[in-house]
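Student: Please see the structure below; I have some questions.
The values are calculated or read from the model by the stated rules, or taken from the named source; none is laboratory data. It should be emphasised that the depicted structure is a prediction, and the values quoted were computed from it without experimental measurement. Cβ atoms come from the backbone with ideal geometry, glycine included; neighbour counts cover every protein chain shown.
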Amino acid sequence: MREAVLIFVKNLIPGQVKTRLAATIGNEAALNIYGELLQHTNHITQSLDAAKIVFYSSYIEEHDYWHIKDFKKQIQEGNDLGERMQHAFTSAFEEGYEKAVIMGSDCPGINEEIIKSAFVTLNKCDVAIGPASDGGYYLLGMKKLHAGLFKDVEWSTDVVLSQTIDRCRRSDLSYILLPVLDDVDEEKDLKYMKKKRLVI
């Protein structure tokens with residue numbers, strides 16, 4: 001396989017997932033909702049004809065949604081999200097993959113077709129970006145490491161996308177935007193799960 005999907009997940013620990021959501025609906029409800037999002041992410045990546053690598057936030061779960069028959073397992077490394085994503089891309093390219101896309105696990109609108117289109121898009125540009133409606137991105141793809149995209153970005157804010165595009169332009173990297181999708185971070189975002197008919 002020449003392509004890799006890098007899936008960032010958080011371990012299902014009460015109080016450590018979807019903290020903004022938990023602030024209004026409670027830790028247990030937020031944990032259940034994140035579990036639904038993990039199952040959705042698992043379902044839409046299961047049959048992709050690419051290597052699939054799950055990067056856990058804290059420790060590797062041996063028996064969970066991500067069966068070792070279909071998914072490789074690693075732990076995120078780095079002090080912030082940028083360092084962790086850069087490490088994941090570095091790891092993928094060092095293993096010989098020619099294209100890699102990284103994605104989170106809190107986007108109910110993402111599907112198999114969008115991920116496939118990201119790999120096709122990389123035939124025409126340096127960077128593929130899946131914009132999120134909150135100003136971040138739900139997917140980032142590249143054919144080689146562009147470390148500048150992970151430096152001095154205000155992670156978890158509404159300027160992540162604009163800062164990433166600005167860094168592409170400054171580095172003379174061509175980029176293409178995929179469809180805009182919605183993340184689930186706060187209680188108001190739960191409507192996106194209902195819209196996609198995910199169980200909540």
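Student: Name the residues in the range 31-51 that are under 14 Å from Gly109 (Cα atoms), surrounded by 15 or more Cβ atoms within 10 Å (Cβ to Cβ) and of a type in the set (S, T, N, Q), would you?
Tutor: Within the range 31-51, Thr41, Asn42, Thr45 qualify.
Student: Can I ask one more? Can you tell me how many residues in the range 52-63 are touching a residue at least 24 places away in the same chain (Cβ under 8 Å) and either crowded, with 18+ Cβ neighbours inside 10 Å or not charged (D, E, K, R) (or both)?
Tutor: Step one: list which residues in the range 52-63 are touching a residue at least 24 places away in the same chain (Cβ under 8 Å), which gives 52-59, 61.
Still in the list and also either crowded, with 18+ Cβ neighbours inside 10 Å or not charged (D, E, K, R) (or both): 52-59.
Residues meeting the conditions: 8.
The rows are residues; the columns are (1) in contact with a Leu (Cβ under 6 Å, 6 or more places away or on another chain); (2) under 27 Å from Val160 (Cα atoms); (3) modelled with pLDDT of 95 or more; (4) among the β-branched types (Val, Ile, Thr).
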| residue | (1), (2), (3), (4) |
| --- | --- |
| Phe71 | no, no, yes, no |
| Ile75 | no, yes, yes, yes |
| Ser91 | no, yes, yes, no |
| Cys107 | yes, yes, yes, no |
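Student: Within the range 50-69, can you find the residues that are at pLDDT 95 or above and either part of a strand (DSSP E or B) or farther than 25 Å from Arg20 by Cβ (or both)?
Tutor: Matches in the range 50-69: Ala50, Ala51, Lys52, Ile53, Val54, Phe55, Tyr56, Ile60.
Student: Please go through the range 1-37 and pick out each residue that is outside any helix (DSSP H, G or I) and not aliphatic (A, V, I, L, M). Before you say what the answer is, go through the steps one by one.
Tutor: The initial filter retains those residues of the range 1-37 that are outside any helix (DSSP H, G or I), namely 1-18, 26.
Answer for the range 1-37, where residues must be outside any helix (DSSP H, G or I) and not aliphatic (A, V, I, L, M): Arg2, Glu3, Phe8, Lys10, Asn11, Pro14, Gly15, Gln16, Lys18, Gly26.
Student: Please work out which residue is surrounded by the most Cβ atoms within 10 Å (Cβ to Cβ), limiting yourself to the range 137-182 and to residues that are touching a residue at least 24 places away in the same chain (Cβ under 8 Å) and basic (Lys, Arg).
Tutor: By that ranking, first place goes to Lys143.
Student: Can you report the number of residues in the range 99-110 which are within 18 Å of Val54 (Cα to Cα) and out of contact with any His (no Cβ under 9 Å at 6 or more places or on another chain)?
Tutor: Kept after step one, since they are within 18 Å of Val54 (Cα to Cα), are these residues of the range 99-110: 99-108, 110.
Narrowing the set further to residues that are out of contact with any His (no Cβ under 9 Å at 6 or more places or on another chain) leaves 99-104, 106.
Here the count works out to 7.
Student: Shifting gears a bit: Quick test of your reading of the structure: Asp106 fulfils all but one of (1) touching a strand residue (DSSP E or B) at 6+ places or on another chain (Cβ under 9 Å); (2) among the charged types (D, E, K, R); (3) farther than 21 Å from Glu36 by Cα. Name the failing condition by number.
Tutor: All conditions pass for Asp106, except number (3).
Student: Confirm whether Asn27 is modelled with pLDDT of 95 or more and either closer than 20 Å to Pro108 by Cβ or β-branched (Val, Ile, Thr) (or both).
Tutor: Details: modelled with pLDDT of 95 or more: yes; either closer than 20 Å to Pro108 by Cβ or β-branched (Val, Ile, Thr) (or both): no.
No: the conditions fail for Asn27.
Student: Quickly run through the range 38-49 and pick out the residues that are assigned to a helix (DSSP H, G or I) and either in contact with a Ser or Thr (Cβ under 6 Å, 6 or more places away or on another chain) or among the acidic types (Asp, Glu) (or both). Write out each step before concluding.
Tutor: Quick first cut of the range 38-49, residues assigned to a helix (DSSP H, G or I) only: 38-45.
Result: Leu38, Thr41.
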